[in-house]
Structures are given as C-alpha cells and as structure tokens.
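Okay, structure first, notes after.
Each value in this text was obtained by applying a stated rule to the coordinates, not by laboratory testing. What you are looking at is a predicted structure, and each value in this text was computed from that prediction instead of being measured. Using ideal geometry, Cβ is built from the backbone for each residue, glycine included, and neighbour counts are taken over all protein chains shown.
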Amino acid sequence: MEINGAKIINTFAEAFPIWISRVILTAVNKKWAYEAAVEATGFASSKIGCPCEAGIEGFLSRKQTPDRRVGISILICSERKNIKKNVAERVSQCVLPTPTVSAFDGLPEAESRFSIRMHYFGDSYEERCNIGGRKCWRIPIMEGDYVGEERFGIVKGIAGGNFLVMGMNQRLALSGAEAAVTAIKGIKGVITSFAGGIVASGSKVSCKNYFFPMPASTNHLYCPTLKAKISESLVPDGVNSIYEIVINGVNEMTMKNAMKTGIKAATKKGGIMYIGASNFEGKLGPYKIHLYDLFK
C-alpha cells in the first residue's frame with residue numbers, strides 16, 4: 001500500500017488504556033492561557049519516566065468557556081489511582097500562580113469525578129460562587145481573586161497510538177513529522193505529549209542495563225545507524241532517519257482519525273519513503289491499530 005508515494009508497512013501500533021481529565025484554562029488573553037497550559041503540561045511526555053502524560057488539546061473561543069474568556073484545553077493522562085494527584089499538582093502549582101488564569105472542568109458530563117480541594121489555599125478567606133452555571137470557588141490572591149472549579153471529570157481513554165515517519169535523511173523525515181503534528185493539532189480529543197509532538201528517541205519495553213533507572217531503552221530495531229550491525233533491523237533500505245508520532249486520545253476512533261490524518265499530512269511533504277508503527281508483542285497494551293485498516 002502507498003499513500004502519496006510513501007509505502008505503508010503492513011504492521012500495527014500497540015496502545016494501552018489510560019484515564020484522561022480535560023482541564024479548561026481561561027485568561028485575560030490568549031498569551032496567559034497559553035503560558036499556563038505550557039507550564040501545566042510540562043515534564044509529561046511519557047509514563048516511562050514522567051508522573052503523567054499531558055498536552056495541549058487546542059484553543060477555545062469565548063463562547064466555549066464557562067467565564068466567556070479566551071481559553072485553551074489540556075488533557076492530563078494517567079492511571080486512575082494517580083489522576084487526581086496529577087491534576088491537583090498541576091492546577092495548584094502551575095495554573096494558580098499564573099496571572100489572570102482560571103481552571104474549569106472540561107468533562108462536565110463524565111460520571112467519574114474527583115475534587116482537588118483548591119479552596120483550602122484560601123486559608124478560610126475563600127467564598128463559593130457561580131460561574132456560567134458551575135459551582136466554583138473565589139480565592140483571594142495578591143493579584144485579586146482566583147476563580148475556578150475544583151471538581152473534575154475523568155474518562156477512560158487510550159494512549160500510545162503511534163506511527164513512524166521514515167525519510168532518506170533527517171531534514172526530510174523531520175519535515176514530514178512536523179507536518180503530521182500540525183495536522184493532528186486540529187483534532188479535538190487527542191494530544192501529542194512529546195516536545196513539539198515528535199519523538200526522536202523511540203523506546204522499547206525492556207532494558208539490558210540493570211543500572212538504568214527506567215524500564216525502557218532505545219528501540220534498536222529502528223535505529224538507522226545500527227542497520228548494518230544487527231541482523232534483526234527493521235529499518236528499510238534507503239532510510240537514514242526515523243521520527244515517531246505518539247498520540248493519546250479520548251477513544252479509539254478519535255485516535256485512529258488522528259493517525260490517519262497525520263500520516264496523510266506527513267506523506268504529502270515529499271521525501272517520506274515509508275510509514276511504519278511501533279509494537280511490542282502485546283507487552284505494552286491490548287490495542288492493535290493496523291495501519292492498513294486506517295485507509296480501507
């Protein structure tokens with residue numbers, strides 16, 4: 001199978017279940033909403049070594065936010081037992097200190113919910129209030145008042161969906177990967193949690209070095225510089241650079257749509273020779289997203 005001249009390898013991406021919370025951040029302008037979103041989604045690229053996975057989902061107009069200010073939505077992804085802690089830490093330590101920013105629940109219809117008890121920061125000076133029909137707290141701070149929700153919904157999502165962009169050199173492969181991420185950014189319900197949405201150091205679910213502090217190591221099968229050194233290399237002939245696009249989504253359908261959209265965008269750039277995907281013989285998760293099926 002070929003898409004825009006690039007060969008699609010007959011393989012699948014392996015993904016795993018995860019719990020997701022959507023947090024809506026609003027501010028006096030887009031700049032401060034974005035600053036808060038970047039801070040709140042920091043150190044959250046991979047569950048391998050980060051406390052959670054998180055990323056920016058998209059900007060919101062005044063009509064889409066509870067307080068009718070410009071906003072941005074982020075997704076925070078984690079195991080269910082840790083999701084409350086991750087949301088609480090990021091709202092209290094990253095959002096609350098940011099000028100003019102408020103945090104609201106982005107999943108108001110979710111059945112599963114938790115409270116992060118932000119009002120305790122008010123030290124008994126906090127007051128209840130209603131914003132856009134939502135129960136919020138008004139907390140006095142040096143700037144004026146912080147106003148926002150403290151109850152958030154969570155839904156079961158999917159993480160680790162991926163595809164590999166393979167080019168004859170680094171410049172062409174990176175250009176294709178960048179195009180893929182740009183296209184995916186317009187899709188609601190997904191994030192690409194790594195820096196710039198692109199992974200240069202794809203990993204596998206194992207490590208030979210006992211002293212390495214993470215249960216993962218370089219995905220040697222897809223390292224172009226090892227092609228001539230290992231018999232089991234999966235790097236196609238002519239490929240000298242590979243980038244991985246990893247996606248988290250609120251459901252499998254949204255994930256598949258993002259993968260398909262990203263692959264189409266990457267291959268339109270030209271210079272992309274192959275599109276593949278990472279899988280680990282079921283060691284990572286139960287979902288198998290076959291690349292061929294995306295284009296049937």
The answer for the net charge of residues other than Leu107 whose Cβ lies under 13 angstrom from its Cβ, with Lys and Arg +1 and Asp and Glu -1, is +1
Applied in sequence order to region 222-228, the curve 6.51 cos²θ - 1.76 cosθ + 1.60 (Karplus, θ = phi - 60°) yields integer Hz couplings, x standing for Gly and Pro, of 10, 8, x, 6, 9, 3, 7
One finds, for Arg117 and Ala228 with R0 = 51 angstrom and r their Cβ-Cβ distance, a FRET efficiency to the nearest 0.05 of 0.35
At R0 = 22 Å the Cβ-Cβ FRET efficiency linking Glu143 and Phe59, nearest 0.05, sits at 0.45
Quick calc, the chain, dipole around Cα centre from Cβ unit charges on Lys, Arg (+) and Asp, Glu (-), nearest 20 debye, gives 460 debye
Dipole check, the chain, charges on Cβ (K,R +1; D,E -1), about Cα centroid: among Ser61, Thr267, Leu172 the Cα furthest to the positive pole belongs to Thr267
Region 96-117 scanned against label point 7 Å out from Lys31 along Cα→C-beta; backbone N under 16 Å for 98-101
Of all DSSP beta bridges having both residues in the chain, the percent classed as antiparallel (nearest 5) is 95 percent
Net charge near Phe152 (other residues with Cβ under 14 Å of its Cβ; Lys, Arg +1; Asp, Glu -1) is +4
The answer for Ile18, listing residues at least 5 apart or on another chain whose modeled amide H is closer than 5 Å to its amide H, is Gly157, Ile158, Ala159
For the table Lys188/Lys268; Lys185/Lys288; Lys30/Lys296, the rows whose alpha-carbon distance is greater than 29 Å are Lys30/Lys296
Mean Cβ-within-10 Å packing, highest first, puts peptides 100-109, 143-152 in the order 100-109, 143-152
Rounded to the nearest Å, the spacing of the alpha-carbon centers of region 236-291 and region 9-53 is 18 Å
Charge dipole of the chain built from unit charges on the beta carbon (Lys, Arg +1; Asp, Glu -1), centred at mean Cα; most positive-end Cα among Trp19, Asn251, Ser102 is Asn251
Given 172-184, 55-67, the highest-first ranking by average Cβ count within 10 Å works out to 172-184, 55-67
Most exposed first, judged by fewest Cβ atoms within 10 angstrom, Met168, Met142, Met214, Met259 run Met142, Met214, Met168, Met259
Of the residues Ala44, Trp32, Ile131, the Cα lying farthest along the dipole of region 19-155 towards its positive end, which is defined by charges on the beta carbon of Lys, Arg, Asp and Glu, belongs to Ile131
Dividing the mean separation of Cα pairs under 8 Å (6+ apart) by the residue count of the chain yields a relative contact order in percent of 27 percent
If R0 = 35 Å, then Thr182 and Asn82, at their Cβ-Cβ distance, give a FRET efficiency to the nearest 0.05 of 0.70
Karplus ³J(HN,Hα) for region 241-257 (6.51 cos²θ - 1.76 cosθ + 1.60, θ = phi - 60°; Hz, whole; x = Gly/Pro) runs 7, 9, 10, 10, 9, 10, 10, 10, x, 6, 7, 5, 5, 5, 4, 4, 4
With +1 at each Lys and Arg Cβ and -1 at each Asp and Glu Cβ, the charge dipole magnitude of region 134-186 around its Cα centre, to the nearest 20 debye, comes out at 220 debye
With x for Gly and Pro, the residue-by-residue ³J(HN,Hα) of region 164-176, computed from phi through the Karplus equation 6.51 cos²θ - 1.76 cosθ + 1.60 at θ = phi - 60° and given in whole Hz, is 10, 9, 10, x, 6, 8, 4, 4, 5, 5, 5, 4, x
Treating only Lys and Arg (+1) and Asp and Glu (-1) as charged, each at its beta carbon, one finds that region 19-155 has a dipole about its Cα centre, in Debye to the nearest 20, of 300 debye
